[in-house]
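The values are calculated or read from the model by the stated rules, or taken from the named source; none is laboratory data. Keep in mind that what you see is a predicted model, and the values were worked out from it rather than measured. Backbone-built Cβ (ideal geometry, glycine too); neighbour counts: all protein chains shown.
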Amino acid sequence: MSAQPPMSDRQAWFLVGPTASGKSAVAQYLAEQWSGDILSADAMLVYIGMDIGTAKPTAAERARVRYYGLDLVEPREPFSAGAYRLAALQAVRDTRARSRPLIVVGGTGLYIKTLIDGLAPSSPRDSAIREEAERRLAAEGIGALQAWLRQVAPARYLSLADAKNPRRLIRALETALSGEASAAGNWRAAQNSPRILGLKWSLPQLYDRIQSRVQAMFAGGLLTEVERLLQAGFEQAPTASHAIGYAEAIAYLRAQCSLAEAMAATAVRTRQLAKRQMTWFRHQCNVEWLAVNAAMTTAEIAGAVRAYWQKHGPTPVAG
């Protein structure tokens, strides 16, 4: 077992990257070696009952490592970056009280950035903006909302976990257009932020991993999971029901597409998400990219990550 790394208050070890990059497996490996804890920074893992489609850590993995940032709310409950930050800061306090290292792992750039640079309080929702956004959605489709948000707040558009989710788009437009003192107003330029580590794959290898993950999700019981969620009113969940994989599974269960079409659409949306994640990290965070490839084992990647962390130390968490 490796010795625990030295830590001081309000610091953590950050590992980021696009979906399906293997960062969670690396974090699990290192947390077990260090007797450490893991804080998930993934916007979909906060929802209770959404396990298979989000690649949530298994029960066996969670029995070996204490996780934070998982199963925080029911799918029908609203959740924000501010709510995530509050939960995350509690995780930092808990781990420090128990003198355990904390690994922050995830691909939701907005969550990562709020831990590094903080988050300003949200303003009330603007009903006029929301009504106009809903009108455009009904009249012109989701592409109109995407184009509107890209025009007024391109960084916020890139931060979305799913740019095809109309609720997230509308809320982002409200935030951008209402004069809210947003998180970005307090953020340092990326080059001035603390450096964090990310895993980088070649696109062909990353896309192969995404395809394998999609196949494993559907083979591993995603449709059964979605059926159970639907019985609990999942379609009324404004954000979660549009999540990648879940929306496609619902379409298949409603006989709106074939299983092959559902899987193909899930893979396409996942690849699009991976591209947005990489763009976000390039422009909003100071990431040192560790090149990895299919010939490397999880242990080998973890060794390279550990060497980098031991050389550069942990990252401060903004108070």
Handout entry: Where a residue in the range 44-72 is outside the structural domain of V26 (by TED's automatic domain parsing) and its partner, wherever it lies, is at pLDDT 95 or above and of a type in the set (G, A, S), with Cβ under 9 Å and at least six apart
Key = none
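Look through L110, L102 and report the one residue that is closer than 19 Å to L160 by Cα and either surrounded by 22 or more Cβ atoms within 10 Å (Cβ to Cβ) or touching a Cys at 6+ places or on another chain (Cβ under 8 Å) (or both). Before the answer, list the steps.
Values: L102 fails: closer than 19 Å to L160 by Cα.
Among L110, L102, only L110 is closer than 19 Å to L160 by Cα and either surrounded by 22 or more Cβ atoms within 10 Å (Cβ to Cβ) or touching a Cys at 6+ places or on another chain (Cβ under 8 Å) (or both).
Listed here are the residues, each with its yes/no results for (1) in contact with a strand residue (DSSP E or B) (Cβ under 7 Å, 6 or more places away or on another chain); (2) not in a helix (DSSP H, G or I).
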| residue | (1), (2) |
| --- | --- |
| A247 | no, no |
| A251 | no, no |
| A262 | no, no |
| R269 | no, no |
| Q277 | no, no |
| M296 | no, yes |
| W309 | yes, no |
Handout entry: Enumeration of residues in the range 229-243 that are not polar (S, T, N, Q) and not in a loop (DSSP other than H, G, I, E, B)
Key = L229, L230, F234, E235, A240, H242
Exercise for the section: Please find, within the range 251-281, the residue that is farthest from K113 (Cα to Cα) out of those that are buried (at least 21 other Cβ atoms within 10 Å of the Cβ) and among the β-branched types (V, I, T). Expected result: T266
Exercise for the section: Select, from A81, A91, the only residue that is over 26 Å from A216 (Cα atoms) and at pLDDT 95 or above. Expected result: A91
Exercise for the section: Would you mind finding the one in M44, M50 that is under 30 Å from Q205 (Cβ atoms) and at pLDDT below 95? Expected result: M44
